[in-house]
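Participant: Sharing a structure, written as structure tokens. Questions coming.
The values are calculated or read from the model by the stated rules, or taken from the named source; none is laboratory data. These numbers come from a predicted model, not from an experiment. Note: ideal-geometry Cβ built from the backbone for every residue, glycine included; neighbour counts use all protein chains shown. Surface areas here come from the heavy atoms of the whole protein model, side chains and all, with no ligands, DNA or RNA. Shrake-Rupley method; radii C 1.70, N 1.55, O 1.52, S 1.80 Å.
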Amino acid sequence: MSGRYTAVPVLAVLLLTACADQAARPEAPASAAVSPAPAAPCGLASSTPAGATLRAADVGPAGGVTSSRFVVLTAERCGGVAVQPDRCDTFPWVAENGLYALGGRAWLSVTVGKVREQVVLYAPDSSFAATYEQAAGGCGFANLTVLDGRPVTMQRTGGGSSEVVYMAPGSVIWLSSADPAIGTAELVRLAGVAESRARSLPYPS
């Protein structure tokens, strides 16, 4: 009889220990949520055509080391569905697959000292320009220059930098400066230079 009664407290201690151990460990979720991996870049890096980019001389004394990257987007490598750009921090505000789906066909990235330039070439039969005009407004850009009732240049300032988006036939150009000496007016001038030179950039039809 005494053996039976001593087994009860021992069993209770074992159960309490198991419960305490279980409480100390966080329970694993029934079905762990797996975040989708970001889409891998689909563009094909190509050599930048000579004379197609901004140069240190264009920026003046504030210029510096120039680096550039030219990427072509093709149907064979890129795909996906995108209704509009989905972020505002890093132009062109969408991943390469989404950029292609919106009508983007190539992009050029240039850094000259503290000035950064991105040029996106788009298919002429797409609604890319209108989409990016709307996206710029949604990302806090205000109309700076209007031609025939439509924004040509839009601007945004904050966080120690100035930005402009320049709407051009066949391309959308974004310029940013972290140099206080290079403000909006100078960025607009540089955007005009970039637009003229970007006409020599090739992209698939």
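Participant: How many residues are open to solvent by less than 30 Å² (accessible area, probe 1.4 Å) and of a type outside the set (A, V, I, L, M, F, W, C) when one looks only at region 151-160?
Facilitator: Selection size over region 151-160: 2.
Participant: A further question on this structure: I'm trying to understand the selection: among the residues of region 41-74, which are touching a helix residue (DSSP H, G or I) at 6+ places or on another chain (Cβ under 8 Å) and open to solvent by 50 Å² or more (accessible area, probe 1.4 Å)?
Facilitator: Correct list: P41, V65, T66.
Participant: Take W93 and decide whether it is at pLDDT 90 or above and touching a Leu at 6+ places or on another chain (Cβ under 8 Å).
Facilitator: For W93, the condition - at pLDDT 90 or above and touching a Leu at 6+ places or on another chain (Cβ under 8 Å) - is not met.
Okay, residues lined up against (1) at pLDDT 50 or above; (2) in contact with a Lys or Arg (Cβ under 6 Å, 6 or more places away or on another chain); (3) over 30 Å from L187 (Cα atoms):
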position	(1), (2), (3)
P26	no, no, yes
S31	no, no, yes
G43	yes, no, no
A56	yes, no, no
V59	yes, no, no
G63	yes, no, no
L73	yes, yes, no
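Participant: Tell me whether region 86-101 contains one or more residues that are among the basic types (K, R) and touching a residue at least 12 places away in the same chain (Cβ under 8 Å).
Facilitator: No; the residues of region 86-101 include none that is among the basic types (K, R) and touching a residue at least 12 places away in the same chain (Cβ under 8 Å).
Participant: Then there is this: Can you give me the ranges of the strands (runs of 3 or more DSSP E) entirely in region 93-205 with at least 3 residues that are under 17 Å from the mean Cα position of the chain (by Cα)?
Facilitator: 104-112, 115-122, 161-168, 171-177
Participant: Looking at region 168-182 only, could you name the residues that are touching a Pro at 6+ places or on another chain (Cβ under 9 Å) and open to solvent by 30 Å² or more (accessible area, probe 1.4 Å)?
Facilitator: Of everything in region 168-182, those that are touching a Pro at 6+ places or on another chain (Cβ under 9 Å) and open to solvent by 30 Å² or more (accessible area, probe 1.4 Å) turn out to be P169, A181.
Participant: Checking L187 against (1) open to solvent by 60 Å² or more (accessible area, probe 1.4 Å); (2) on the phi < 0 side of the Ramachandran plot, which test does it fail?
Facilitator: It is condition (1) that L187 fails.
Participant: Now a separate question. Need pairs with beta-carbon distance below 7 Å; first residue free of Cβ contacts under 8 Å to residues at least 40 places away in the same chain and buried (at least 16 other Cβ atoms within 10 Å of the Cβ) and within region 120-142, second part of a strand (DSSP E or B) and hydrophobic (A, V, I, L, M, F, W, C); sequence gap 6+ or separate chains.
Facilitator: Every condition considered, the pairs that remain are E133/M167; A136/M154; A136/V165; F141/M154; F141/V165.
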